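Structure first, then comments.
The values are calculated or read from the model by the stated rules, or taken from the named source; none is laboratory data. From a predicted model like this one, the values you see are computed outputs, not experimental measurements. Cβ atoms come from the backbone with ideal geometry, glycine included; neighbour counts cover every protein chain shown.
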Amino acid sequence: QKEVEQNSGPLSVPEGAIASLNCTYSDRGSQSFFWYRQYSGKSPELIMFIYSNGDKEDGRFTAQLNKASQYVSLLIRDSQPSDSATYLCAVRGGGGTYKYIFGTGTRLKVLA
Amino acid sequence: DTEVTQTPKHLVMGMTNKKSLKCEQHMGHRAMYWYKQKAKKPPELMFVYSYEKLSINESVPSRFSPECPNSSLLNLHLHALQPEDSALYLCASSQDPLRSGGAGDTQYFGPGTRLTVL
């Protein structure tokens, strides 16, 4: 069973701090990695996608991918109370599968 | 524009009812997905359509019946549901399911339909 693991949290950070969210995956052939933000009762909203090893930055968000360690992370700089949500890591498995495996999500609380 | 629309937003139905959920996208995406999400759980894949053909059915009970009339539309027909089927039903689409490791396999989600089965 292919797995994606995240710490469920809650992860509490003060406003203005850096929030660091982590995700590990078991399918070494995976090629596509996604971070979604989900507010309670709402649908997942795409934050970042990353395919290559290294860092990818978009505004206050930086995704980091290390395929050798099977690890993907999301950094949120200058965290705001509006960033308080559940962050889902999703991985598309290898071999051309149409399946995307989601982690259980990390709940982030940004304290004002 | 990365908009996926879903109707209705909310649906309450009895166990003997027949209803349908609708999903639409006009981004030219060739893969469409149905997910079910229970509270505090991640989305759970139900069905995948690739180029309007059913590619994945994750052993979903037959009381859920998907339909893809064309490349922009995806329906989920519901019949004789159980109270445990109450959940948020999410539709998603991606550009090109035959390619991976690029922007073409990014999934975009609709707002969901909140289903309550009495």
Mind listing whichever residues of region A:61-87 are farther than 14 Å from A:R37 by Cα and not in a strand (DSSP E or B)?
-> A:K67, A:A68, A:S69, A:Q70, A:R77, A:D78
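B:K9: surrounded by fewer than 19 Cβ atoms within 10 Å (Cβ to Cβ), farther than 15 Å from A:R92 by Cα, in contact (Cβ under 8 Å) with a residue 24 or more places away in the chain and within 12 Å of another protein chain (Cβ to nearest Cβ), yes or no? Break it down stepwise before answering.
On the way: surrounded by fewer than 19 Cβ atoms within 10 Å (Cβ to Cβ): yes; farther than 15 Å from A:R92 by Cα: yes; in contact (Cβ under 8 Å) with a residue 24 or more places away in the chain: yes; within 12 Å of another protein chain (Cβ to nearest Cβ): yes.
Judged against the criteria, B:K9 is a match.
Can you name the residue in region B:18-69 that is among the polar types (S, T, N, Q) and more than 9 Å from chain A (Cβ to nearest Cβ) and, of all such residues, is surrounded by the fewest Cβ atoms within 10 Å (Cβ to Cβ)?
Narrowing region B:18-69 to residues among the polar types (S, T, N, Q): B:20, B:25, B:37, B:50, B:55, B:57, B:59, B:62, B:65.
Pick out the ones that are also more than 9 Å from chain A (Cβ to nearest Cβ) and you get B:20, B:25, B:57, B:59, B:62, B:65.
Values: B:S20: 14, B:Q25: 23, B:N57: 14, B:S59: 5, B:S62: 8, B:S65: 15.
By that ranking, first place goes to B:S59.
Taking A:E3, is it of a type in the set (D, E) and away from every other protein chain (no Cβ under 13 Å)?
Details: of a type in the set (D, E): yes; away from every other protein chain (no Cβ under 13 Å): no.
So A:E3 fails the test.
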Go through the residues of region A:19-27 one by one and say whether even a single one is away from every other protein chain (no Cβ under 11 Å), under 22 Å from B:D96 (Cα atoms) and outside any strand (DSSP E or B).
-> yes
Residues of region B:71-118 that turn out to be touching an Asp or Glu at 6+ places or on another chain (Cβ under 9 Å), of a type in the set (S, T, Y) and either surrounded by fewer than 16 Cβ atoms within 10 Å (Cβ to Cβ) or more than 14 Å from every other protein chain (Cβ to nearest Cβ) (or both), as a count = 2
Give me the pairs, please: first residue somewhere in region A:40-66 and at positive phi, second residue anywhere and basic (K, R) and modelled with pLDDT under 95, beta-carbon distance under 6 Å, and either six or more positions apart or on two chains.
-> none
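Among the residues that make up region A:51-60, is at least one of them surrounded by 14 or more Cβ atoms within 10 Å (Cβ to Cβ), closer than 22 Å to A:E15 by Cβ and modelled with pLDDT of 95 or more?
From region A:51-60, those surrounded by 14 or more Cβ atoms within 10 Å (Cβ to Cβ) are A:51, A:56, A:60; that's our starting set.
If we keep only those that are closer than 22 Å to A:E15 by Cβ as well, we get A:60.
So of that shortlist, the ones also modelled with pLDDT of 95 or more come out as A:60.
Yes, region A:51-60 contains at least one residue that is surrounded by 14 or more Cβ atoms within 10 Å (Cβ to Cβ), closer than 22 Å to A:E15 by Cβ and modelled with pLDDT of 95 or more.
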All conditions in (1) out of contact with any Gly (no Cβ under 7 Å at 6 or more places or on another chain); (2) more than 9 Å from every other protein chain (Cβ to nearest Cβ); (3) not aromatic (F, W, Y) are true of A:R92 except (2)
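Name the single residue, out of those in region A:95-112 being of a type outside the set (V, I, T) and in a strand (DSSP E or B), that is nearest to the other protein chains (Cβ to nearest Cβ).
We begin by selecting, within region A:95-112, every residue of a type outside the set (V, I, T); these are A:95-96, A:98-100, A:102-103, A:105, A:107-109, A:111-112.
Then keep just the ones that are in a strand (DSSP E or B); that gives A:100, A:102, A:107-109, A:111.
Working: A:Y100: 6, A:F102: 4, A:R107: 9, A:L108: 14, A:K109: 15, A:L111: 21 Å.
Per the criteria, the residue is A:F102.
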For A:G41, state whether it is in a loop (DSSP other than H, G, I, E, B), under 19 Å from B:S93 (Cβ atoms) and within 14 Å of another protein chain (Cβ to nearest Cβ).
-> no
